[in-house]
1. Looking at region 315-372, which of the residues that are touching a residue at least 40 places away in the same chain (Cβ under 8 Å) and among the small types (Gly, Ala, Ser) is nearest to residue 474 (Cα to Cα)?
2. Of the conditions (1) under 26 Å from residue 324 (Cβ atoms); (2) at pLDDT 85 or above; (3) surrounded by 13 or more Cβ atoms within 10 Å (Cβ to Cβ), residue 105 fails just one. Which one is it?
3. Mind checking which residues of region 64-105 are of a type in the set (A, V, I, L, M) and within 12 Å of residue 123 (Cβ to Cβ)?
4. Can you tell me which residue within region 205-239, out of those that are within 12 Å of residue 272 (Cβ to Cβ) and outside any helix (DSSP H, G or I), is most open to solvent (accessible area, probe 1.4 Å)?
5. Quick one: which residue in 248, 276, 280, 298 is open to solvent by less than 40 Å² (accessible area, probe 1.4 Å) and out of contact with any helix residue (DSSP H, G or I) (no Cβ under 9 Å at 6 or more places or on another chain)?
6. Can you name the condition, by its number, that residue 136 falls short on among (1) free of Cβ contacts under 8 Å to residues at least 12 places away in the same chain; (2) part of a loop (DSSP other than H, G, I, E, B); (3) not aromatic (Phe, Trp, Tyr)?
7. What is the one condition in (1) over 13 Å from residue 224 (Cβ atoms); (2) open to solvent by less than 30 Å² (accessible area, probe 1.4 Å); (3) of a type outside the set (Lys, Arg); (4) not in a helix (DSSP H, G or I) that residue 257 does not satisfy?
8. Residue 264 is checked against (1) open to solvent by 80 Å² or more (accessible area, probe 1.4 Å); (2) in contact with a strand residue (DSSP E or B) (Cβ under 9 Å, 6 or more places away or on another chain) and fails just one. What number does that condition carry?
Amino acid sequence: MSDGREVICGPLRTRPLWALVGLGAAGAGVALVRSVFWGRLVDPWVFGGLLVAPLAVLGLYAAGVLVSADAYGIRSRTLLRRRSLPWGDIADVRVYLQYGRHGEVIRRVCVVLRDGRTRRLPLPFSASGDDRPDFDAKLDALRALHRRHGGPESDHVPVISHRTAGRGSAVSLVLCVLLLAGAGLAAWFVPSVASERRAWDSAVFCAAGTSAAERGDCLASSPAVIARTEAGRGKRTSWLYFADGRPVDRLAVSQEAAEGFRPGDRVELTVWRHQVREVVGQHQVWREHFATAGEPAVLAAALGLAAGYPGSRMLLHRRGRRLPDDEVLPSALPFAGVLVGTALWLLPLRYLHPTTLPASPVTVAWAVTGSLGSLGLFAWAWRATRIRVPRGAAAEAEPADEDVFLAARFLESTDYNPHGFGTHIVLGGGPPAVTPHPGPGRFAAKRIPVERLTVKDVRRLRGGDEDTVSLPRSWHIAELDDGGSPVRLAASPADLARILGALEPAGAGRRPVG
């Protein structure tokens with residue numbers, strides 16, 4: 001970054017990147033010499049060299065990334081392509097948040113074009129607190145150039161995360177389709193599983209003179225002697241080995257069966273459809289498990305219900321399509337409650353009636369009651385996840401002699417909220433105050449200096465409100481002016497309106513908000 005007329009973003013640490021290039025090139029050279037000149041294709045050095053060779057391409061790509069911006073626009077250069085975006089085509093410069101496997105926050109810059117398409121810039125890039133100041137400085141410089149030479153759509157920095165309306169729902173769509181495909185596949189197996197179970201339950205021993213071609217559908221018995229057993233631990237398979245390899249060399253059984261049989265035990269084998277299905281000894285019996293039709297039916301229903309959660313996330317994105325891209329969407333957890341409540345009655349019903357509809361009065365009442373309950377839960381979830389428009393203070397007056405504790409938090413540390421200790425605001429029985437508890441009593445309460453507070457705006461949560469991740473998504477934020485210092489107050493929409501209404505007659509100035 002120079003004098004404000006140009007911004008240049010390059011890799012912060014190039015020495016480790018060139019070290020990767022050298023290591024990968026050395027590995028490729030070793031593999032080439034050992035395989036071509038020495039003729040040793042199967043060699044540990046060749047495999048090791050081929051394994052580290054891609055590091056050269058990775059390091060070369062990372063070291064060659066460059067993003068620059070000037071009065072014309074933004075230019076980006078990578079190993080594979082170059083791109084140029086004039087400021088007139090850029091509608092906004094935003095921050096795009098990604099979350100790593102260990103909870104780290106990765107920040108990237110994203111530009112939104114006038115036609116609605118988005119482009120993520122390879123730089124600047126922030127993955128830790130050490131490079132965050134440099135990232136913020138480069139971002140401020142890019143937005144300053146955009147304001148000077150273009151026309152940004154927002155006056156604040158929009159931050160797009162997995163909680164905001166601007167994040168696409170492609171991942172949810174793919175997950176929903178995969179779960180529905182799995183449910184369809186499990187449902188497709190239900191008739192065949194039911195048919196095999198009925199055939200096993202109705203199978204009888206073969207009559208004398210039954211031909212070899214017809215012996216597959218009837219039961220045949222064969223004596224055998226256990227030669228040895230092998231009990232697998234964990235996920236390893238357990239085996240029974242038979243003397244002289246008759247009628248089979250070995251048979252996969254459960255761990256308990258392998259531990260129950262002893263070498264030399266004389267057993268009786270039951271064969272059905274050319275496979276050993278039962279081993280009966282004097283002190284131990286093993287039978288092959290035949291799945292009932294209810295098992296794949298329950299799996300199909302469970303996968304179908306699981307597909308409802310990514311489907312509910314897509315529904316919330318659809319309902320919030322008119323919101324600004326950086327506003328936080330309501331949580332999909334209420335719909336997860338609907339799915340769990342539906343599973344409590346649907347899965348047992350599918351297990352008992354996998355291929356037929358309920359016919360008895362009890363099961364019909366079960367299905368009807370469960371359906372009505374799920375419908376009621378869905379109506380509750382639909383109402384709980386509705387998009388609430390921020391509104392002003394409520395006109396409701398608090399009782400003059402009774403304390404009312406409302407869950408609310410000042411997001412900045414102030415003299416009346418030191419170190420962010422407050423979790424509730426108490427109204428009614430005295431001046432408004434911040435408390436670290438929900439009552440009763442005003443122990444450790446600190447009075448709010450309402451005479452110096454001015455309400456500037458009331459809005460929904462945004463992706464840039466990083467300190468609201470632990471707060472409910474349905475809460476709203478009031479932006480206040482505390483004697484020249486910005487302060488944010490977060491609470492549920494109804495409680496926030498009551499708090500602002502209580503602050504207003506106490507002396508807090510306020511301009512109309514929508």
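1. The extreme case among them is 331.
2. Status for residue 105: all satisfied but (2).
3. Filtering region 64-105 down to residues of a type in the set (A, V, I, L, M) leaves 65-67, 69, 71, 74, 79-80, 85, 90-91, 93, 95, 97, 105.
Result: 65, 66, 67, 69, 74.
4. Taking region 205-239 as the starting set, the residues that turn out to be within 12 Å of residue 272 (Cβ to Cβ) are 205-206, 215-222.
Now drop any that are not outside any helix (DSSP H, G or I), which leaves 205-206, 218-222.
Numbers: 205: 123, 206: 30, 218: 16, 219: 21, 220: 28, 221: 68, 222: 29 Å².
This residue is 205.
5. Details: 248 fails: open to solvent by less than 40 Å² (accessible area, probe 1.4 Å); 280 fails: open to solvent by less than 40 Å² (accessible area, probe 1.4 Å); 298 fails: out of contact with any helix residue (DSSP H, G or I) (no Cβ under 9 Å at 6 or more places or on another chain).
Matching residue, one of 248, 276, 280, 298: 276.
6. Failing condition for residue 136: (2).
7. The number of the failed condition is (4).
8. Tallying (1) open to solvent by 80 Å² or more (accessible area, probe 1.4 Å); (2) in contact with a strand residue (DSSP E or B) (Cβ under 9 Å, 6 or more places away or on another chain), residue 264 fails exactly one: (1).
The values are calculated or read from the model by the stated rules, or taken from the named source; none is laboratory data. Everything numeric in this text was worked out from a predicted model, so none of it was measured. Virtual Cβ from ideal backbone geometry, glycine too; neighbours counted across all protein chains shown. Surface areas here come from the heavy atoms of the whole protein model, side chains and all, with no ligands, DNA or RNA. Shrake-Rupley method; radii C 1.70, N 1.55, O 1.52, S 1.80 Å.
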